[in-house]
């Protein structure tokens, strides 16, 4: 007899779908609005970190906008992979897609945080910390929930029926 879906599981899956869509929207924003002025405050904080009070050359700003656009395109790709893994995990009720998302986040976060700390871009550490807090707990819960019976459960079940 199938187990009824957990309301918490449904909510966490919706949360992860929303997180993936937000990554997609952020990637589109970074890729396409760098020249619009929408990101000027963010770009100014980065420039302050690297240039201090010195006037920032226009070529430095242009290069920064270019890097953001490239990162935005990469983030869009990541968002699609995230959407696919959330969809697969949801449909198959398998721990493996959740595990891959966890591994990807644990690969990204320490490096991103270390690189940001070296450059003294503290806002990135805060942003990364929030991302870890909102993504990892649901992923770990789903991974545990969807992992299925353990080997010891199977062995004890077989010995009871044998």
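No value in this document is a laboratory result; all are computed from the given coordinates. Keep in mind that what you see is a predicted model, and the values were worked out from it rather than measured. Here the Cβ positions follow ideal geometry from the backbone for every residue, glycine too, while neighbour counts run over all protein chains shown.
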Study note, to complete from the structure: Quick note, the chain: a/c under 1.5 would make it rounded; otherwise a/b > b/c is prolate and the rest oblate (a ≥ b ≥ c, C-alpha gyration tensor); here it is prolate
**Study point:** In degrees, nearest ten, helix 95-118 long axis to first principal axis of the chain (Cα)
**Key:** 30 degrees
Point to revise | Relative contact order for the range 7-148, counting Cα pairs under 8 Å that sit 6 or more residues apart, in percent | key: 31 percent
Exercise for review: Give me the distance in nm between label points sitting 7 Å out from Cα along the Cα-to-Cβ direction at residue 26 and residue 125, one decimal.
Suggested key: 1.8 nm
Point to revise | Radius of gyration, Dmax [the range 87-126; alpha carbons; angstrom] | key: 14.4, 42
Practice item. Grab the DSSP H runs of the chain that are 4 residues or longer, score each as -39,500 (n - 2.57), total them, divide by all residues and round the 222 nm result to the nearest 500 deg cm²/dmol. Key: -28500 deg cm²/dmol
Exercise for review: Report the label-to-label distance for residue 81 and residue 145 in nanometres (one decimal), using points 7 Å from each Cα along the Cα→Cβ vector.
Suggested key: 2.5 nm
